[in-house]
1. So which residues in the range 1-29 are in contact with a helix residue (DSSP H, G or I) (Cβ under 7 Å, 6 or more places away or on another chain) and either closer than 13 Å to Leu51 by Cα or modelled with pLDDT under 85 (or both), if there are any at all?
2. (1) at pLDDT 75 or above; (2) open to solvent by 70 Å² or more (accessible area, probe 1.4 Å); (3) charged (D, E, K, R); (4) assigned to a helix (DSSP H, G or I): which one isn't true of Arg105, the others all being true?
3. Look at Asp21 and say whether it is in contact with a strand residue (DSSP E or B) (Cβ under 7 Å, 6 or more places away or on another chain) and of a type in the set (D, E, K, R).
Amino acid sequence: ELAYQIVDQFRALGTGITLKDQVIIGGEDPVQQAIVLNKRPHVVVATPGRLKYHLDNDAGVARAFGKLRYLVLDEADRLLERAFEEDIDSIFDVHAVRSALENRRSRLEKELHQVEHIQEKFNVIHHHLTSPIAQNGMAQAGGSAGKAGIHA
């Protein structure tokens, strides 16, 4: 099967690094496949129908799919057929990719908010330190302290 040939190439290229891969095709134990998918492999080579099955039936697989780095869909010659359209739409719809992107966007928005908050604080402090009133006040404080030291 082409899926195994593709995974063999990833393994050859990934020699020396910890590359986790999984082949997801029909005719194999879906329970074992789900276990491996929940371990979040870096590379998944799958047939659309079997991958859709896992995404539809296991929320853990859908969450793990969000961390996936590479997805290779087998049966490329048939992917454009209308029969596969629903499977493909399902794979790239809300189940996994969109929710993963929304989670990442949410985290980035929180981090951006934190950075903006820090920037606002910095701007307030910078304004107070560089305003003429603050500089004049520091000069007066330094001057009177110096005069007080001379008279003491």
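The values are calculated or read from the model by the stated rules, or taken from the named source; none is laboratory data. Predicted, not measured: the structure shown is a model, and the values here were computed from it. With ideal geometry, Cβ positions are generated from the backbone for all residues, glycine too; neighbour counts draw on all protein chains shown. Only protein heavy atoms, including side chains, enter the accessible area calculation; ligands, DNA and RNA are left aside. Shrake-Rupley method; radii C 1.70, N 1.55, O 1.52, S 1.80 Å.
1. Leu19, Gln22, Val23, Ile24, Ile25, Gly26
2. (1)
3. Values: in contact with a strand residue (DSSP E or B) (Cβ under 7 Å, 6 or more places away or on another chain): yes; of a type in the set (D, E, K, R): yes.
Criteria met by Asp21.
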